[in-house]
Amino acid sequence: MESILNFLKEHTKSKINPKIVISSKAEAKGLQKASKFEIPTSIISSNSKGWDYDKEIVRILQEHDVYPDNGLVCLAGYMRLLSPEFVRKYKMRILNIHPSLLPSFPGLNSQKKALDYGVKITGCTVHFVDEGLDSGPIIAQKYVAVLDGDTYESLSDRILEQEHILYPYCVNLFAEKSLIVQGRRVIVSGQ
């Protein structure tokens with residue numbers, strides 16, 4: 001999230017204007033980082049799940065003028081599945097970043113899965129969110145070589161470096177209306 005906010009601050013001509021940062025945890029670092037950028041924050045601490053929980057997110061988004069026809073929702077460290085109702089409401093307007101080259105190693109512990117499987121290359125993926133787990137159309141990917149001496153931490157750190165480059169890039173592509181979705185394929189216009 002911070003890399004996206006830094007990018008937007010540095011690129012004042014960007015068509016993205018951050019409106020709100022929402023978290024389910026009061027201690028989330030993202031809330032403090034958002035405050036540093038003078039972006040409003042909201043905490044939804046609820047035991048409800050699915051659409052009942054997501055309705056509260058929609059309410060807060062719309063209070064801050066983030067509507068399905070004009071907004072973009074960026075997930076950063078969001079560790080739960082969005083309800084199908086939410087995904088349908090904001091269809092192709094929700095981005096997520098994942099620490100693997102999807103469709104390999106979706107879900108949790110992707111770096112550990114990559115190491116355990118013995119792959120030589122992994123990386124990160126920015127994708128549109130659909131109703132599945134890390135299964136939406138892929139916008140862009142960056143690869144990271146898996147080194148012989150890699151640990152979970154060392155591999156995670158190198159992937160995170162690439163995530164901080166890739167996610168703002170994809171947010172900007174969305175803002176510039178450069179993404180054309182054709183089925184599962186996302187084409188970047190002008191390239």
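The values are calculated or read from the model by the stated rules, or taken from the named source; none is laboratory data. All of these numbers come straight from a predicted model, not from anything done at the bench. Every residue, glycine among them, receives a Cβ derived from its backbone with ideal geometry; neighbour counts consider all protein chains shown.
Summary table below
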{"item": "Unique residue being under 23 Å from residue 44 (Cβ atoms), modelled with pLDDT of 95 or more and acidic (Asp, Glu) when the list is 63, 153", "result": "63"}
{"item": "Subset of the range 103-124 (residues that are free of Cβ contacts under 8 Å to residues at least 40 places away in the same chain and either within 16 Å of residue 79 (Cα to Cα) or surrounded by 22 or more Cβ atoms within 10 Å (Cβ to Cβ) (or both))", "result": "105, 106, 107, 108, 109, 110, 122, 123"}
{"item": "Selection count where residues are farther than 25 Å from residue 146 by Cα and hydroxyl-bearing (Ser, Thr, Tyr), scope the range 79-106", "result": "2"}
{"item": "Residue pairs meeting the criteria (Cβ under 9 Å; at least 6 apart or on separate chains; first over 16 Å from residue 59 (Cα atoms), in the range 8-23; second loosely packed, with under 15 Cβ neighbours inside 10 Å and polar (S, T, N, Q))", "result": "8/17"}
{"item": "Residue tally, condition within 25 Å of residue 163 (Cβ to Cβ), without any contact (Cβ under 8 Å) to a residue 60 or more places away in the chain and in a loop (DSSP other than H, G, I, E, B), over the range 65-82", "result": "8"}
{"item": "Any chance residue 107 is at pLDDT 95 or above, in contact with a Phe, Trp or Tyr (Cβ under 7 Å, 6 or more places away or on another chain) and more than 23 Å from residue 9 (Cα to Cα)", "result": "no"}
{"item": "Matching entry among 108, 160, 75 (being farther than 25 Å from residue 183 by Cβ, within 14 Å of the chain's Cα centre (by Cα) and among the aliphatic types (A, V, I, L, M))", "result": "160"}
